[in-house]
Amino acid sequence: MKDKKFIVTGVIIFIVIATFPFWYNRGKAAPAPVPQLTEKAKAAKVCVRSTEYMKAEHMQLLDLWRDSVVRRGDRIYVSPSGQEYTMSLSNTCLDCHSNKAEFCDRCHNYASVRPYCWNCHIDNPKEKT
Amino acid sequence: MDSSRRRVLQLLGLSSLALTAKPVFNAFAKEQAHAEKTEPVIKESEKALKAKQWAMVIDTREFHSEEDLKPLIAVCDKIHNVPHLANKRHEIKWIWGAPYHNTFPDKAGRFLSEEVEHKPFLVLCNHCENPPCVRACPTKATFKRESDGIVLMDFHRCIGCRFCMAACPFGARSFNYRDPRPFIVKIDKNFPTRMKGVVEKCNFCSERLAVGQLPACVEAAEGKLHFGDLYDPESEVRELIKTNYTIRRKQQLGTEPSVYYIV
């Protein structure tokens, strides 16, 4: 045990380095972003489904829409409330949520997900002319 | 009371089962409470045009020069965000003009009429009844739609392998070697663009048929193109095929093209 002091010092240095990111960033966690609603979205009050459903399942909903429109040609979605919608990301979703940067991107960036919708779909039908 | 070892073990087992049952029931109850009252319904628009197999009849007697084809090609490019790339090898084509000997290589004689030899013929995806591109696609990105016979592309699924381009005997498919967006003259916001690495082609304006409109080229041609159901004996296209001599491209290959040419 004559190397005890070296071993202990080494272990302490290792622990400090290994836990560095945790204590260095302590208390600096970025708050979860809140999606911003446009005036039009606020006025509409309801989306195609309930807010909780849209928060949790919008990707599944979009996936369903995509398959239905592209592969079967069925383009009308009758929501549980009886309202009819045309299933279109650019023309229906982004018609209300025309603020992609504040509505979509903030949460996607926070959650570090990179959906490739916008490689093809026009991201902001209302903004650009 | 008989409290044998076996009895105690049985009781323990039963009570642990009861303990696990409660959270399960709770989860079910929560699900029930959350579920919206009715299920959403997905349906077709009432305005949608329907057919067993869409077909086109092109009256080539009405087209004499490149100028006659131009408005048709322009309207298609405009509404589908088809890019204009200067490099021939990167060109994207949905509908275009080709000389007779390329359009009907099997029917090109030695001494053709001057007019036929020099005028362009309108060519596009033939929406074959037996499409080789569909068989070649490893991801089912391209498929023949059961409901109306259109050969469609699901760009989301296309992996860009280009087997379909090799399989198509009509060269109706183009590959995006580059990001097409900078080359689109004016982006139409109602239709998506494509991205680098996918194949694209004419879709018989399925997005227009779905809302009760005829394909854009047919509309722009003002009666020189005819569109209808091949399997409806009363349809305009059937009437034209019945009363005129029509040919199809590379018919001997057996792909059964749905685009007919009156010559």
Inset, instruction - Counting other Cβ atoms within 10 Å, keep those with at most 15, restrict to DSSP loop, and tell me which GluC sites (Glu not before Pro) in the range B:126-225 are left. - result: B:GLU146, B:GLU222
Inset, instruction - Tally the DSSP beta bridges in the protein assembly as shown and give the antiparallel ones as a percent, rounded to 5. - result: 85
Legend entry - the range A:39-119: C-alpha gyration tensor shape, a/c 1.5 cut-off, then a/b vs b/c: oblate
Legend entry - Helix A:51-67 vs. chain A, principal-axis angle (Cα, 0 to 90°, nearest 10): 70
Legend entry - MRE, 222 nm, helices only [DSSP H, n ≥ 4, -39500 (n - 2.57), over the protein assembly as shown, to nearest 500]: -9500 deg cm²/dmol
Legend entry - Extension reserve of the B:ASN102-B:GLN252 stretch, reckoned as 0.36 nm per residue once the Cα distance is removed: 52.5 nm
Inset, instruction - Using only the alpha carbons, work out the radius of gyration and Dmax of the range B:22-131 in angstrom. - result: 25.7, 88
Inset, instruction - Would you mind getting me the FRET efficiency between A:LYS2 and A:ASN25? Use the beta-carbon distance for r and R0 = 45 Å, nearest 0.05. - result: 0.70
Inset, instruction - Can you give me the span-like helices of chain B, meaning DSSP H runs with 24 Å or more of Cα extent along the axis and Kyte-Doolittle mean at or above -1.0? - result: B:5-34
Inset, instruction - Find the Cα radius of gyration of the range B:54-262, compare it with 2.2 N^0.38 Å by division, and give the number to two decimals. - result: 0.99
Legend entry - the protein assembly as shown - convex hull of alpha carbons, volume per residue in Å³: 328
Legend entry - Highest-fluctuation residue, B:ALA221, B:ALA29, B:ALA51 considered, GNM on chain B with Cα pairs under 10 Å: B:ALA29
Inset, instruction - Between B:ASP68 and B:GLU234, take the C-beta separation as r, use R0 = 30 Å, and let me know the FRET efficiency to the nearest 0.05. - result: 0.55
Inset, instruction - Partner chain Cβ atoms within 10 Å, averaged over the residues of A:57-67 - can you pull that number for me? - result: 1
Legend entry - Net dipole in debye of the protein assembly as shown [+1 Lys, Arg Cβ; -1 Asp, Glu Cβ; about Cα centre; nearest 20]: 2300
Inset, instruction - Per residue of B:187-198, count partner chain C-beta atoms within 10 Å of its C-beta, then hand back the mean as an integer. - result: 4
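Bear in mind these aren't lab numbers, they're just calculated from the coordinates by the rules spelled out. In this text, all values refer to a predicted model and were calculated from it rather than measured experimentally. Glycine gets a Cβ as well: all are built from the backbone with ideal geometry, and neighbour counts include every protein chain shown.
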